[in-house]
Amino acid sequence: VLRSTRLMTASLGKLSSSQFINGDVTVERYIPSDAIIPGHHAKSWQHLAVPVNGQTLKQSWQEGASTPNANPFPGYGTQITGAILNATTPGIGFDVHTPVGGASVKSYNSANNTWTFISNTTNTPSYNQKGYMAFVRGDRSVISFSGANSQAKSTVLRSKGRLFTPSGTLPLKTTIAPNKLESIGNPYASAIEFTQIVYDGPPSILNKFWIWDPTLNTSTNFGGWQLLSPTATGDFTPVPGGTVNYPAGVVSSRIQSGQAFFMMGGTSGGTVEFTEVAKVSGSANTVRQPLPLVNRQSLAINMFNANQQLSDGVMVVWDRNFTNEIDAEDAIKLMNPTENLGIHTFEKHLTLESRSAFQNRDSIQLSIKGLKNQTYSFRIAPKNFSSSHSFELYLVDRFTGMHHSLSYTSENEFVFAVSSSQVLSANEFRFYIIAIKKKAKKPVYTSDPETKGNGLITKNALDDKLESTISISPNPVRKGKLMFTVKNSEAGNHEIVVKDLMGNRLYSSHFESVDNSFQHSVQLTETLPTGVYILVIQNKNKIQKATFVVE
């Protein structure tokens, strides 16, 4: 038995060409699905692989339970639900019939880019070359969605059978079709190093992979996808990163025992093969040859929900050796179950976009999908820029008509709200980023590429001044207290106006400043409805605007 616990997971090291295991091995995979211990998570989807061949899902993940919901070995296994008629009968083997939600275990179909639900657990083998996507609620005592017996618990999934060995049965090769994604299960009871997998490199197969991260907090806490790619830094850094499993900026090119992952074919496709060389010890340093590090300019754009949990993120990278076309240096977007942030270009959605040198009025069209009725924020982090950069970047919000200058030297935060009463607040193409050449004359942008038919009317998204020099903090505004800082204004009398998005005046007052820059606060009515509002500061020569959110 190769055990797996909260502290560590046993593994089988590298075998020589003459070594093998005579007999069956039980391989365990601990799933930290209790959301109590730091670093653990709630009920979530898991992209899993089983490295032994010999049992069915009924015998393994359901612990051979003779009746639905039975829990013969507490702390092991999980409930498996199915949408098939008579799903809980002995011949089919599911624990619960879920006609609407489908099965809780599914396999990837690369031909049409869909997931296929399993049809039974009694005859479906636990080993699957592609791995499985499984929703793990906890051990088999967790049988309800809410109320009694619904609290998630950590569990161990285990399966018994023959391991893949050099002188026994070798792992199967995986064929990836041109321009297609493919799900691949780690065939070893060991962590493996991605760069030691044998595969046809670019342009046949892209040099990157996608991993499911159950600690990436979408609104339902079910997890999301992390992209591991060397495009940004020359080494495998995660996008969006920012979680316990995949910290931002920390190189990660290992695939764990019991973990499946995605790779993608390039222009011709190719094969992926596993050998003993790919195995690494759980505590050893990475065995790959180090890749040359690079200092490319990049923007990491991460989206956080109202609880300040990372929901999703994307990255844009610039290098003169890149092109603006979609190629092997870009990475498509794998969609999360709920909230998604992507980059929309050439009718595709990307997680990572590689671009050539800056050009005036280059735009990055962001795509938001699946957002809930709540407040969100973008955190936009530049890297390897200098304050003397010849372009200025602006985040444009089509919904409010506002634009926001982005700093090159520190992280930028922008708060926005989505409301069911304001349909366009959740429009997919609400936000884009645009580069403007410094000292360009009147750079007015009146139309936007690749976003026609999105139902929004764009009116001079960038005006003559371009700069919003009002900062509001805290934002969202609570209890009607609106505090703001104004820079690069003029001394004298200022009119302060608060409007809704329809242009209706909700508040106005006057303030006398003695300096060009000042801080001020006003007390709005505490009954101001939840939503997005516009603050206008006007003196005799200048009008400045900024948006804020009321929760």
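The values are calculated or read from the model by the stated rules, or taken from the named source; none is laboratory data. Owing to the predicted nature of the structure, the values given are computational and were not obtained by experimental measurement. Every residue, glycine as well, gets a Cβ built from its backbone with ideal geometry; the counts of neighbours run over all protein chains shown. Just so you know, the surface numbers come from the protein's heavy atoms only, side chains and all, with ligands and any DNA or RNA stripped out. Shrake-Rupley method; radii C 1.70, N 1.55, O 1.52, S 1.80 Å.
Ignoring ligands, DNA and RNA, what accessible area per residue does the chain give at 1.4 Å, in Å²?
That works out to 44 Å² per residue.
Give the distance, in whole Å, between the Cα centre of the stretch 69-123 and the Cα centre of the stretch 344-410.
Answer, in whole Å: 41.
When only alpha-carbon atoms count, how far does the stretch 326-372 stretch along each of its three principal axes, as whole angstroms with the largest first?
35, 24, 14
Subtracting the Cα-Cα distance from 0.36 nm times the residue separation, let me have the gained length for residue 347 to residue 437 in nm, one decimal.
29.8 nm
Rounded to the nearest 10 Å², what accessible area does residue 495 show when all protein chains are kept and the probe is 1.4 Å?
Ignoring ligands and nucleic acids, residue 495 comes out at about 40 Å².
Once Cα extents along the principal axes in Å is worked out from the coordinates, which option in (1) 103, 60, 53; (2) 87, 55, 41; (3) 71, 55, 44 does it equal?
Answer by label: (2).
Which residues among the stretch 1-19 fall inside the zone where the amide N is under 20 Å from a point 7 Å beyond the Cα of residue 244, along Cα→Cβ?
Once the point is set 7 Å along Cα→Cβ of residue 244, 4-10 turn out to lie under 20 Å by backbone N, inside the stretch 1-19.
Tally Lys/Arg at +1 and Asp/Glu at -1 over every other residue whose Cβ is under 14 Å from the Cβ of residue 166; what's the total?
Surrounding charge for residue 166 is +1.
Relative contact order for the chain: what percent, with Cα pairs under 8 Å and sequence separation of 6 or more?
So the answer I get is 10 percent.
On the accessible surface of the stretch 311-436, probed at 1.4 Å, how many percent belong to carbon and sulfur atoms?
Roughly 45 percent of what the probe reaches on the stretch 311-436 is carbon or sulfur.
Leaving ligands, DNA and RNA out of it, work out the accessible area of residue 29 with a 1.4 Å probe and give it in Å² to the nearest 10.
So the heavy atoms of residue 29 present about 60 Å² to solvent.
Once the piece of chain linking residue 148 and residue 509 is laid out straight, how much longer is it, given 0.36 nm per residue of separation minus the C-alpha distance between them?
Taking 0.36 nm per residue and subtracting the Cα distance, the gain is 124.4 nm.
So for the stretch 47-184, what are the equivalent ellipsoid semi-axes in whole Å, largest first, each being the square root of 5 times an eigenvalue of the Cα gyration tensor?
After scaling each eigenvalue by five and taking roots: 26, 19, 13 Å.
With a 1.4 Å probe and all protein chains left in place, how much of the accessible area of the stretch 1-148 comes from carbon and sulfur atoms, in whole percent?
It is 57 percent, rounded to a whole number.
Protein chains only, probe 1.4 Å: how do 413, 193 rank by accessible area, largest first?
Ranking 413, 193 by accessible area, largest first, yields 413, 193.
Out of all DSSP beta bridges with both ends in the stretch 464-551, state the antiparallel percent to the nearest 5.
Here the share of antiparallel DSSP bridges comes out near 95 percent.
Which pairs in the list 173/208; 348/545; 348/438 are over 27 Å apart, alpha-carbon to alpha-carbon?
348/545; 348/438
Put 213, 319, 515 in order of accessible area, largest first, 1.4 Å probe: what do you get?
I get 515, 319, 213, largest accessible area first.
Across the Cα atoms of the stretch 142-262, what radius of gyration and what greatest pairwise Cα-Cα distance (Dmax) are found, in Å?
When restricted to Cα atoms, the stretch 142-262 yields Rg and Dmax of 17.1, 53 Å.
For residue 153, list the aspartates and glutamates whose Cα falls under 12 Å from its own Cα; do not include residues on the same chain fewer than 8 positions away.
Filter leaves 34, 139.
When all protein chains stay in place, what accessible area (Å², nearest 10, 1.4 Å probe) is found for residue 160?
90 Å²
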